[in-house]
Every structure is written in C-alpha cells, then in structure tokens.
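The values are calculated or read from the model by the stated rules, or taken from the named source; none is laboratory data. Just so it is clear, the structure is predicted and the values come from calculations on it, not from any experiment. Here the Cβ is made from the backbone with ideal geometry for all residues, glycine too, and neighbour counts use every protein chain on show.
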Amino acid sequence: MFKPNRSNGRPPSSSNQNTSARISKILRRVLDSVLLTVLAAVVVYAAFLAVKVNRGYSQTQDAPDRLVRLQIVDGSGESGMTRRVRQLLKDRSDEELAVVVVEAKGFDQHKVPHSFMIAREEDRSSAESLARRLGLDPEEVTYRVLDNNRFNVTATLVVGSDGLPEMIAEES
C-alpha cells in the first residue's frame with residue numbers, strides 16, 4: 001500500500017530545478033542573440049538593396065523623341081547586308097531618333113533594285129526621319145498596313161541591290 005520513501009526522509013532536491021532554470025535562461029539568451037543577429041542582417045540587407053536601387057536601377061534616362069521599331073527585309077541578294085544595315089542603324093541612333101530592329105528577314109521572290117521605306121503607321125514622320133538619315137528620299141516613303149503586326153513594327157526598310165546611300169558614302 002505504501003510506497004517506500006527513497007529520499008530517506010529528505011525533501012526533494014531543488015538542484016534539478018535550479019539546473020533546468022539555468023539551462024532555460026541560457027537557451028533564452030542564445031535565442032535572443034540569434035534573433036537579434038538575424039534582424040540586424042535583414043536590416044543591413046534591406047539598406048543595401050535600397051541604396052543599390054536608388055543609385056543604379058532607378059536613375060532616369062532621357063527617352064528618345066522618336067522610337068522606330070524597324071523590320072528589315074533584305075532584297076539585295078548580297079550576304080551580310082542585314083548585318084551592315086544593323087551597324088549603320090546603331091551608328092545613326094541618338095536622343096532624337098532611336099531605332100530598334102525587331103525583325104530581319106530575306107526577300108524570297110527576287111532581287112529588289114532600289115531600297116525604300118514603308119511606314120506601318122499612318123503618321124509617317126518617324127519613317128520619313130529614318131529614311132532621311134539613311135540617305136533615302138523621305139518623299140518616297142509609302143504607307144501600308146502590316147497584317148499580323150505581332151512585333152508592333154512602325155516601319156519596314158526594304159534593302160535593294162543598290163544598298164543604302166549612307167552605306168555607300170561610308171565605304172568611299
């Protein structure tokens with residue numbers, strides 16, 4: 001009925017309670033230190049990102065007055081013509097007129113004798129300005145809607161076997 005008292009009449013020792021309380025305090029301090037360290041690292045990282053974004057990514061740049069999304073159709077039959085036209089366009093871009101080549105392809109049917117520009121928007125001013133820069137007659141820029149304009153082309157440059165006047169001027 002009665003269980004024998006193994007403590008020999010002494011009250012239970014409080015050293016077990018003191019030890020677990022000390023361990024609990026130590027673990028709490030370690031956990032607090034780890035949390036403070038993590039919080040400090042997050043704050044430093046957030047400050048680093050804020051500085052980087054403000055210095056590098058969010059600086060404003062002047063947008064060009066006109067942007068031409070150009071499709072190049074090579075009807076010259078000459079290899080490397082599209083590459084040379086791209087380089088010429090890169091050299092001619094500035095704050096007033098920027099040119100982005102969105103598509104370049106060859107003309108499958110026959111050689112085209114003369115280079116010309118086709119405006120794909122009713123407002124032909126951007127295409128005419130580009131034609132002028134390339135040495136083409138801006139009065140000869142025609143307007144024709146491009147069916148299935150998935151690249152949002154604003155002008156098409158058809159390069160003929162005569163090349164571009166600006167390319168001929170650079171070569172001589």
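Annotations
- Among the candidates Gly80, Gly106, the residue that is free of Cβ contacts under 8 Å to residues at least 40 places away in the same chain, farther than 15 Å from Leu130 by Cβ and in contact with an Asp or Glu (Cβ under 7 Å, 6 or more places away or on another chain) is uniquely Gly106.
- The residues of the stretch 138-166 that are among the polar types (S, T, N, Q) and touching a residue at least 12 places away in the same chain (Cβ under 8 Å), listed by number, are Thr142, Asn149, Asn152, Thr154, Thr156, Ser161.
- Residues that are of a type in the set (S, T, N, Q) and surrounded by 13 or more Cβ atoms within 10 Å (Cβ to Cβ), drawn from the stretch 80-133: Thr82, Ser93, Ser115, Ser126, Ser129
- Test: Leu130 is closer than 16 Å to Pro64 by Cβ and either at pLDDT below 90 or in the same structural domain as Gln71 (by TED's automatic domain parsing) (or both): yes
- The numbered conditions (1) within 17 Å of Thr156 (Cβ to Cβ); (2) hydrophobic (A, V, I, L, M, F, W, C); (3) modelled with pLDDT under 90; (4) more than 21 Å from the chain's Cα centre (by Cα) are all true for Leu89 except (4).
- Filtered by the rule that a residue be exposed (fewer than 11 other Cβ atoms within 10 Å of the Cβ) and at negative phi, the stretch 134-156 gives Glu139, Arg144, Val145, Asp147, Arg150.
- When we screen Asp65, Asp91 for residues that are more than 19 Å from Ser161 (Cβ to Cβ), among the acidic types (Asp, Glu) and free of Cβ contacts under 8 Å to residues at least 12 places away in the same chain, the only hit is Asp91.
- Checking each residue in the stretch 109-127 for being farther than 19 Å from Phe151 by Cβ and touching a residue at least 40 places away in the same chain (Cβ under 8 Å) picks out Lys111, Val112, Pro113, His114, Ser115, Phe116, Ser125.
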